[in-house]
1. Restricting to region 373-402, count the residues that are in contact with a helix residue (DSSP H, G or I) (Cβ under 6 Å, 6 or more places away or on another chain) and over 30 Å from residue 284 (Cα atoms).
2. Do the conditions hold for residue 134, that is, is it at pLDDT 90 or above, among the hydroxyl-bearing types (Ser, Thr, Tyr), over 24 Å from residue 373 (Cβ atoms) and buried (at least 17 other Cβ atoms within 10 Å of the Cβ)?
3. Go through region 305-315 and report how many residues are part of a helix (DSSP H, G or I) and at pLDDT 90 or above.
4. Out of (1) closer than 23 Å to residue 210 by Cα; (2) loosely packed, with under 14 Cβ neighbours inside 10 Å; (3) not hydroxyl-bearing (Ser, Thr, Tyr), the odd one out for residue 353 is which?
5. Can you confirm whether region 211-231 contains a residue that is part of a helix (DSSP H, G or I), more than 30 Å from residue 298 (Cα to Cα) and small (Gly, Ala, Ser)?
6. For region 230-269, name all the residues that are of a type in the set (A, V, I, L, M) and surrounded by fewer than 16 Cβ atoms within 10 Å (Cβ to Cβ).
7. Only one of these conditions is not met by residue 104: (1) closer than 27 Å to residue 286 by Cβ; (2) of a type in the set (D, E, K, R); (3) touching a residue at least 60 places away in the same chain (Cβ under 8 Å). Which number is it?
8. Could we say that residue 336 is assigned to a loop (DSSP other than H, G, I, E, B) and open to solvent by less than 70 Å² (accessible area, probe 1.4 Å) here?
Amino acid sequence: MTELRHRGGKDTEPPLQPQTSEDKYTEIMKADSGVPEVPVPPDDTPVVLISVLTVCVFFFRWKNWWVRGILTLAMISFFFFIIYLGPMVLMMIVLCVQIKCFHEIITIGYSVYHSYHLPWFRTLSWYFLLCVNYFFYGETVTDYFFTLVQREEPLRILSKYHRFISFALYLTGFCMFVLSLVKKHYRLQFYMFGWTHVTLLIVVTQSHLIIHNLFEGMIWFIVPISCVICNDIMAYMFGFFFGRTPLIKLSPKKTWEGFIGGFFSTIVFGIMLSYVMAGWRYFVCPVEFNNDSNSFQVDCEPSELFQLQDYALPSILESVTGWTTVRLYPFQIHSIALSSFASIVGPFGGFFASGFKRAFKIKDFANTIPGHGGIMDRFDCQYLMATFVNVYIASFIRGPNPSKVIQQLLALRVDQQLHIFNSLKTHLTEKGLLPAVEEAAA
């Protein structure tokens, strides 16, 4: 009987389920990857904000909506304030945001790397960040503020040997990395070396493009960033109130209703914002260094891109509105392209970030901004937008810059300047332009 009881007890145990190949693959990956889950940071919503919102009956349902909304307004207010302070302050803010984004991504890598007690990873990561910023900012200063560089002897020397110094700095870091290699962990160390360089490519390179856009005129900085912010807000609101149809599996909360609503809202917002800003020289003029006042200035004669022009309306719109023409700034036409990219392609920067976070099983890059996550969570679309704007300006807007050509000519030796003068004089004479100029002068 006892034996039968034992058999009966064994028979009541549930049969073992056959292990599928996918389960085996998951177990192997967990065992061999050596990548622990990144700990999820706690909710750091300010206690004061929670105490204020608790009076609302619907607080528990609307908590995230209110927190995101209040802090979004605070960030927008801060954005207006730094715009008022001018382009140089904006450049410093971009640098600070870049450093914070780099820190958030590297911290995720360090949470994986630290368990092996391998040396120099964080030190080398920040060293490479310093090297890359030195290279890019040096290139920017030499390109946009050539007269300032040529006037100061130390800057002229640094400018002349800038690329060699940058390469020497990077080469030092490269040698330090090779010396830090530890037996049995080569693969992981090269993996983290690649992690650092991809982070530099995504964050630092595109931050450099943002600063280039800023120096072309603050309107090329403010309108694209504002369009991304508008699309993010409106897509969230349309999705929150009307969202029913999932858009992409990487971001389950994204919906087609939010995507479409954000698109049309961003187009209208971009056209209106461009109309307001295009009439102000402070926003449309490039940043230049004035030798007379010994300071950076934003003042110029606006180009045709920022002057009102009459455009004939198509017959369909003419019959609806009763207008034959409409006065617009040409920049408003370009703003449609910027707004379209911000609302159609820009979100893929967010989807890319969502895939990255899912790979490490984290919700946000950090918990810097309650309700929003880390700084990188707010700028994942901005970096992609910055690259597009820079390419767009180079392809469709920017032409030869006479002032830069003159600056480079003045930096040449006297005999080189005379040679270029004679060559240009010969060319204009052959074209028949120089006599006409001389007669007009006479």
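1. Total satisfying the criteria: 1.
2. Working: at pLDDT 90 or above: yes; among the hydroxyl-bearing types (Ser, Thr, Tyr): yes; over 24 Å from residue 373 (Cβ atoms): yes; buried (at least 17 other Cβ atoms within 10 Å of the Cβ): no.
In short, no.
3. Restricting attention to region 305-315, the residues satisfying the condition of being part of a helix (DSSP H, G or I) are 305-306, 315.
Then drop every residue that is not at pLDDT 90 or above, which leaves 305-306.
So the count comes out to 2.
4. Going through the list (1) closer than 23 Å to residue 210 by Cα; (2) loosely packed, with under 14 Cβ neighbours inside 10 Å; (3) not hydroxyl-bearing (Ser, Thr, Tyr), residue 353 breaks only (2).
5. Here is the first cut: in region 211-231, the ones part of a helix (DSSP H, G or I) are 211-215, 218-231.
Okay, now just the ones that are also more than 30 Å from residue 298 (Cα to Cα), so none.
Checked region 211-231: no residue is part of a helix (DSSP H, G or I), more than 30 Å from residue 298 (Cα to Cα) and small (Gly, Ala, Ser).
6. Of all residues in region 230-269, those of a type in the set (A, V, I, L, M) come to 233-235, 237, 247-248, 250, 260, 267-268.
268 - this is the single residue of region 230-269 that is of a type in the set (A, V, I, L, M) and surrounded by fewer than 16 Cβ atoms within 10 Å (Cβ to Cβ).
7. So residue 104 meets the others, but not (1).
8. Details: assigned to a loop (DSSP other than H, G, I, E, B): no; open to solvent by less than 70 Å² (accessible area, probe 1.4 Å): yes.
Judged against the criteria, residue 336 is not a match.
The values are calculated or read from the model by the stated rules, or taken from the named source; none is laboratory data. Predicted model, so just to flag it, every value in this text is computed and none were measured. With ideal geometry, Cβ positions are generated from the backbone for all residues, glycine too; neighbour counts draw on all protein chains shown. These area figures cover heavy atoms from the full protein model, side chains too; ligands, DNA and RNA do not enter into them. Shrake-Rupley method; radii C 1.70, N 1.55, O 1.52, S 1.80 Å.
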